[in-house]
Amino acid sequence: MTSDTPEIDETRQLAADQFGKDLDPLEKYESDFRQLEKDGFDAFEIMHSKVFDKQDLKERTLESYGTVFKQWKEYMDSVGRHPACPSGRHVRSFADYLQTKDHRPNSPKTVKDKLILLNRTFQYWQSDPALPHEDDFNPFDLVLQEGGFESSEKKDPYNIPRSELGEIVRGVKHVRDRGIIASNLKLGMRATEVCNIELSHISLQNEVLRDHYPELGSDPQLKGHENAILIPHDIEGNKSQRPRILPLDEEMRQVLTQWLLVRPDNGEPYLFLSHSGHSQMERGVINRVWKKWFPEEYLEETENRQSVTSHYGRHRFTTYWEHQGLSREFLKYMRGDTTSKDSIDDSEAVNDYIHTYYEDIEETYRKQIFKLGL
């Protein structure tokens with residue numbers, strides 16, 4: 001998105017003058033907020049303690065929220081304005097800055113997500129009678145309504161031949177990383193879903209592993225399902241609309257077994273662990289794994305192609321099954337999509353009455369899932 005043109009700014013100022021309105025109504029409170037800060041008042045900390053801390057959010061989520069607040073405060077400091085007293089111009093400029101900064105520019109969607117978070121902060125200030133933020137002015141809501149956060153063009157992913165894709169995955173030397181990439185490709189899992197998978201979600205018929213990991217496959221939803229994985233939908237960060245159970249073919253069983261035999265045994269419930277702290281991974285780790293092992297030629301975004309990230313696996317998974325002629329309802333199940341008329345591209349009300357289960361897709365999956373030569 002871009003800031004208002006001078007013509008639009010001039011028109012808006014004329015309208016404000018005509019109706020006795022102020023385009024920057026919070027400017028007059030800036031010195032008061034700075035004085036309060038000297039007395040130990042921080043509006044951002046109040047937001048954390050009053051709202052976010054009561055939502056039982058994971059530590060990494062709170063850290064990501066803290067990063068957004070830090071970026072906003074630093075940006076407002078750079079333009080000489082207190083972060084609790086923005087105008088619409090400040091919010092627009094901040095959005096432009098996030099999309100164009102030299103180091104790791106944010107995608108339009110990421111910018112929108114950050115403004116939504118900051119908007120929640122501002123709405124909290126508006127609801128607190130101790131603060132001067134009036135209900136008739138919210139610069140974050142104003143900029144979000146103006147839009148401009150959609151990518152102008154959706155690019156196709158790279159068409160990597162399956163033989164080359166198999167060669168790349170076979171070349172992944174670290175067994176954890178190979179398991180991560182295979183999970184994205186052969187199970188269509190999102191990055192966060194991979195981070196959230198626990199040992200209890202994995203059913204493997206391997207006596208050695210079951211003796212060492214008694215919690216393996218212990219989730220009640222896996223009862224009666226051998227060599228399968230449960231991908232829940234009701235875990236923070238998982239975007240799927242319903243849980244799904246998918247079969248683990250020979251290749252997936254092999255890579256998971258190789259990893260579990262050397263996985264750090266520290267009591268953590270998660271299947272894949274971080275290298276540094278041997279704890280739950282963050283979503284960004286998954287993309288770093290892909291960037292580490294995929295050739296440079298696929299990591300660059302071009303005029304017509306998306307750069308390869310972990311989400312490439314979900315694209316590849318969906319496209320493969322579509323080309324196999326899998327019914328749309330079966331594909332929805334394997335992706336974790338709802339069967340309602342809002343899902344993918346169907347519009348018939350009858351979809352609300354169609355239900356798919358693991359037993360419906362198991363045989364087809366085991367017979368037809370593509371092989372990578374692992």
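The values are calculated or read from the model by the stated rules, or taken from the named source; none is laboratory data. On a predicted model such as this, the values are computed, not experimentally measured, just so you know. Cβ placement follows ideal geometry from the backbone for every residue including glycine, while neighbour counts extend to all protein chains displayed.
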task = Considering every residue within segment 119-132, establish whether at least one is in contact with a Pro (Cβ under 8 Å, 6 or more places away or on another chain) and either outside any helix (DSSP H, G or I) or at pLDDT 85 or above (or both).
result = yes
query = Somewhere in segment 335-348, is a residue modelled with pLDDT of 90 or more and touching a Ser or Thr at 6+ places or on another chain (Cβ under 9 Å)?
reply = yes
note = Per the list (1) surrounded by fewer than 18 Cβ atoms within 10 Å (Cβ to Cβ); (2) touching a Gly at 6+ places or on another chain (Cβ under 8 Å); (3) farther than 30 Å from residue 83 by Cα, residue check on residue 215 breaks on (2)
ask   = Would segment 218-231 turn up any residue that is closer than 30 Å to residue 64 by Cβ, modelled with pLDDT under 95 and of a type in the set (Val, Ile, Thr)?
value = yes
Top-ranked residue of segment 65-87 - restricted to ones that are under 26 Å from residue 284 (Cα atoms) and of a type in the set (A, V, I, L, M, F, W, C), ranked as farthest from the chain's Cα centre (by Cα) = 72
key: segment 354-374, residues that are over 28 Å from the mean Cα position of the chain (by Cα) and assigned to a loop (DSSP other than H, G, I, E, B)   = 354, 373, 374
request  = State all residues of segment 293-308 that are in a loop (DSSP other than H, G, I, E, B) and crowded, with 16+ Cβ neighbours inside 10 Å; if no residue qualifies, say none.
outcome  = 294, 306, 307, 308
query = Hey, among the residues in segment 167-200 that are outside any helix (DSSP H, G or I) and either within 19 Å of the chain's Cα centre (by Cα) or of a type in the set (Gly, Ala, Ser) (or both), which one's farthest from residue 223 (Cα to Cα)?
reply = 171
request  = Specify the residue that is surrounded by the most Cβ atoms within 10 Å (Cβ to Cβ); the eligible residues are those in segment 149-193 that are in contact with a helix residue (DSSP H, G or I) (Cβ under 7 Å, 6 or more places away or on another chain), of a type in the set (D, E, K, R) and modelled with pLDDT under 95.
outcome  = 190
ask   = Can you name every residue in segment 309-328 that is out of contact with any helix residue (DSSP H, G or I) (no Cβ under 8 Å at 6 or more places or on another chain) and in a helix (DSSP H, G or I)?
value = 315, 319, 320, 323, 328
message = Give me the residue from segment 304-337 that is free of Cβ contacts under 8 Å to residues at least 40 places away in the same chain and acidic (Asp, Glu) and, out of that set, nearest to residue 160 (Cα to Cα).
response = 322
key: Answer residue from segment 88-109, given it is among the polar types (S, T, N, Q) and surrounded by 14 or more Cβ atoms within 10 Å (Cβ to Cβ) and is nearest to the chain's Cα centre (by Cα) among those   = 106
task = Return yes or no: is residue 290 of a type in the set (Phe, Trp, Tyr) and either assigned to a loop (DSSP other than H, G, I, E, B) or within 16 Å of residue 216 (Cβ to Cβ) (or both)?
result = no
